[in-house]
Amino acid sequence: MTNKPWVLIIMGSDSDAETMSHAAAALDEFGVPYEFTVASAHRSPERARQIVTESEANGAVVFIAGAGMAAHLPGVVASLTARPVIGVPLASGALQGVDALYAIVQMPPGIPVASVAIGGARNAGILAAQIIATSDPALAARIREQRQSMAAAVTAKSKKVEKSTR
Ligand code: RP5
């Protein structure tokens with residue numbers, strides 16, 4: 001247990017866990033604590049409600065919610081907390097995440113959910129860290145360092161292929 005601000009990562013099924021683990025990995029890189037759990041908006045609404053309300057009371061400051069198909073979990077989480085919710089549309093079923101993307105981004109005015117790309121769990125983790133970093137300068141510095149590493153990696157990639165004929 002920690003008093004540090006932490007992130008709840010919640011998903012609709014254990015079949016979502018592999019993709020959602022990329023959000024956890026991003027938070028691990030930045031040393032941001034999280035809990036990782038499953039609750040379904042449709043199959044276990046009472047469990048979803050209990051986890052979200054208890055997590056808010058216990059210091060979760062950002063919620064990451066992943067779901068596939070009729071992806072109502074992120075919206076339900078947003079209905080239960082006034083803290084920021086990041087939705088992760090997941091590719092499953094016949095429509096491979098397009099259905100989940102539409103479900104997550106089409107929230108009614110007043111109850112926002114920020115959405116990343118289909119399967120974009122890593123960006124959800126990074127965005128959650130960025131939100132927490134607004135009040136944590138050391139975390140903000142770690143995020144800036146990672147940006148610098150990425151920029152250096154792009155320069156290295158260019159060196160492998162660049163040429164000029166002028
Ligand atoms: C959604 O239905 C879940 O988020 C998952 O992406 C999808 C399939 O769930 P399972 O049938 O694998 O439990 O609610």
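Computed from the coordinates by the stated procedures, all read-outs in this text should not be read as laboratory data. The shown structure was predicted, so the numbers you read here are calculated from the model rather than taken from an experiment. All Cβ positions, even for glycine, are placed from backbone atoms using ideal geometry, and neighbour counts span all protein chains on display.
Considering only the Cα atoms of the chain, their convex hull presents on average a projected area of 12.6 nm². Taking each DSSP H run with n ≥ 4 as -39500 (n - 2.57) and averaging over every residue of the chain yields -15500 deg cm²/dmol at 222 nm. Taking other Cβ atoms within 10 Å as a rough exposure proxy, K4, K163 sort from fewest to most as K163, K4.
Our coupling estimate for region 118-124, obtained by passing each phi through the Karplus curve with A = 6.51, B = -1.76, C = 1.60 and θ = phi - 60°, is 4, x, x, 5, 4, 5, 4 Hz, Gly and Pro reported as x.
Net charge near A152, counting Lys/Arg +1 and Asp/Glu -1 over other residues with Cβ under 14 Å of its Cβ?
Within the 14 Å Cβ shell, the charges total +4.
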